[in-house]
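A short write-up of the structure that comes next.
The values are calculated or read from the model by the stated rules, or taken from the named source; none is laboratory data. This is a predicted model, so every value here is computed, not measured. All Cβ positions, glycine included, derive from the backbone under ideal geometry; neighbour counts span all protein chains shown. What goes into the accessible areas is simple: the full protein's heavy atoms, side chains included, and nothing from ligands, DNA or RNA. Shrake-Rupley method; radii C 1.70, N 1.55, O 1.52, S 1.80 Å.
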Amino acid sequence: MLEARIAATNKITCTLSGTTSKLGERLLISWMFRNAWKPIAAAVAVGGPAYVYYSSRSVRHETFNLPVKVKGADGRPEMTTRAIPLLPMQQLEDRIRENATQNSHSRSGGPIWKFATAALSSNDPIEDANAHQVIQRDESDPSAPGDYLFFAVMDGHGGRDTSQLLSRVLIKAVALELSNLVTDPKAQPSVGIMQRVYSLMGSSPSQKAQAALDAHPLRVSRAIESAFTKLDTELINAPIQILANNLDAEAWKNKVIPDLSQHPLALTTMLPAISGSCALMAVFDTAHRDLYVACTGDSRAVAGVWEKTPDGKGQWRVEVLSEDQTGRNPNELRRLQSEHPKDEADYVVREGRILGGLEPSRAFGDARLSQAFLVGNGRPLRPPPTLFKTPPYVTARPVVTHRKFDFPTDSESYVPGAPRFLVLATDGLWDELSSEDVVSLVGGHLAGLKGTISKSDLSALVPTSSGYLGIDGKQKRKEDTSGSWAFTDENVGAHLIRNAFGGGDETRLRRLLSIPAPYSRRYRDDTTVTVVWWEDGKEDAAKVTTIKSKL
């Protein structure tokens with residue numbers, strides 16, 4: 001796919017030419033929290049500012065010709081060629097690294113957790129977002145000591161409103177649902193789990209704990225699923241609630257809908273409902289060594305599992321922990337066909353897309369594919385597809401998978417100090433790199449590789465094996481085994497982004513990253529990557545640190 005999208009740029013001839021309101025957010029999360037909640041460590045990112053094309057005092061600039069789609073005189077799209085300025089490499093280096101951060105978290109005598117995130121925009125503004133939070137268990141918790149570590153990436157579409165909102169509230173919604181496990185009347189209550197959340201919310205369990213309910217993977221998985229679906233219901237219904245609150249008896253009697261275009265919450269509740277977003281979340285429970293991955297949409301989670309080999313050198317096993325939820329996924333196709341009448345079976349998915357339009361088959365928001373009620377406010381809104389008959393066609397219900405993870409130890413089963421890692425990324429990365437590529441690139445980065453390395457040589461330097469590779473719901477792309485990888489970035493997220501769009505081929509990297517919005521969207525997508533890895537640590541004191549990646 002990449003080659004198809006860049007085929008035109010391969011013909012490039014270089015020439016020289018002359019010169020969001022907070023009220024809506026509070027309304028949506030009022031059902032979750034009555035008091036402030038202050039997690040130990042939290043970070044939210046919704047993408048940095050759109051990239052800027054700096055003016056140059058130089059009289060002449062390098063350009064390249066690029067086929068672009070424009071609106072013709074008759075209003076129909078047509079192809080033409082535009083001369084695109086080739087941006088200086090230093091400016092592009094800054095763009096790759098401007099949203100890159102790295103964090104670490106550790107407790108006395110425990111492992112060191114490290115996590116790095118980077119994002120690169122194609123849309124202006126970027127429609128991706130990401131977030132992470134760390135919650136410590138109470139000493140009274142029967143499962144203590146330990147933490148919950150939450151990581152999430154969001155891939156917005158049709159605007160950034162949904163993904164931005166999710167970056168602020170999704171982790172909180174899941175944490176609250178996990179805390180509610182202790183109030184399950186069918187189970188024994190627990191004092192310690194999420195006691196911190198309870199105390200800050202002004203309530204606490206009344207009975208002594210006899211069992212830690214969060215140690216049961218099925219219960220936890222259901223709680224995460226419930227949090228996703230409840231939040232989406234609130235998000236979709238928020239505009240309806242505003243309308244209902246403003247209908248008086250006379251309006252009900254005469255069936256007159258009031259004009260709410262100037263209502264202070266009209267746009268702030270409507271925009272997150274009509275745009276949409278995929279969401280991918282990883283939850284690490286360090287006390288029970290459980291990892292949960294919840295996927296709504298076509299972002300992907302891939303783990304690198306370190307395993308010993310007979311020669312004693314070891315290798316990384318590739319384990320895909322999610323499925324790409326698109327119409328090209330046979331499981332999703334069967335699900336969609338089963339949820340709609342038989343006469344829709346042939347077109348509920350067309351060319352791998354829902355009703356021929358939206359690619360992900362699961363998402364938050366996207367009200368036009370679930371309910372047809374949002375009009376007005378002077379904003380042009382896309383109508384439902386012509387094949388729209390029996391909504392909803394998208395769901396935010398995630399597929400939750402559970403895995404055990406381990407820490408490096410001194411036993412014979414493990415290599416002392418060996419890291420393990422998890423990569424969460426929006427589909428902008430997976431459009432360009434395979435799961436195997438990503439594990440090799442991260443493994444090489446953690447091993448300290450530097451410089452430019454040919455693709456054929458990396459497999460010998462960083463050997464991998466295949467575990468579960470999941471179901472690839474992406475449009476098939478031609479593998480390119482030529483060229484080279486670049487190991488130049490300190491931030492492993494930025495490292496993956498660089499190699500997705502050129503790696504060691506600087507000319508290709510410059511051309512791809514020089515294409516401005518909106519033309520860039522035809523050649524690359526917004527891309528957000530979070531990499532989490534853990535190492536053996538013997539610190540004397542707990543600490544949480546945040547550093548900005550070096551430019």
- Item | Rounded to the nearest 20 debye, dipole of the range 291-376 from Cβ charges on Lys, Arg, Asp, Glu | 160
- Message: Can you sort 426, 233 by solvent-accessible area, 1.4 Å probe, largest first?
- Response: 233, 426
- Item | Cα gyration tensor shape for the range 454-536, rounded if a/c is under 1.5, else prolate or oblate | rounded
- Restraint check, 342/389; 308/404; 313/474, Cα-Cα greater than 22 Å: 313/474
- Query: What accessible area per residue comes out for the range 240-297, rounded to a whole number of Å², with a 1.4 Å probe?
  - Reply: 44
- Query: How long is the gain from residue 233 to residue 404 if the chain were fully straight, where each residue apart is worth 0.36 nm and the alpha carbon distance is subtracted?
  - Reply: 58.5 nm
- Query: How much of residue 147 can a 1.4 Å solvent probe reach, expressed as accessible area in Å² and rounded to 10?
  - Reply: 10
- Query: In whole percent, how big is the carbon plus sulfur part of the accessible area of the range 223-368, probe 1.4 Å, protein atoms only?
  - Reply: 50
- Ignoring ligands and nucleic acids, residue 257 exposes an accessible area, probe 1.4 Å, in Å² to the nearest 10, of 120
- Note on the structure: Percent relative contact order for the range 221-307, counting Cα pairs under 8 Å at least six residues apart, stands at 23
- Task: Report, to the nearest whole %, how much of the accessible area of the range 493-538 belongs to carbon and sulfur atoms, 1.4 Å probe, protein only.
- Result: 41
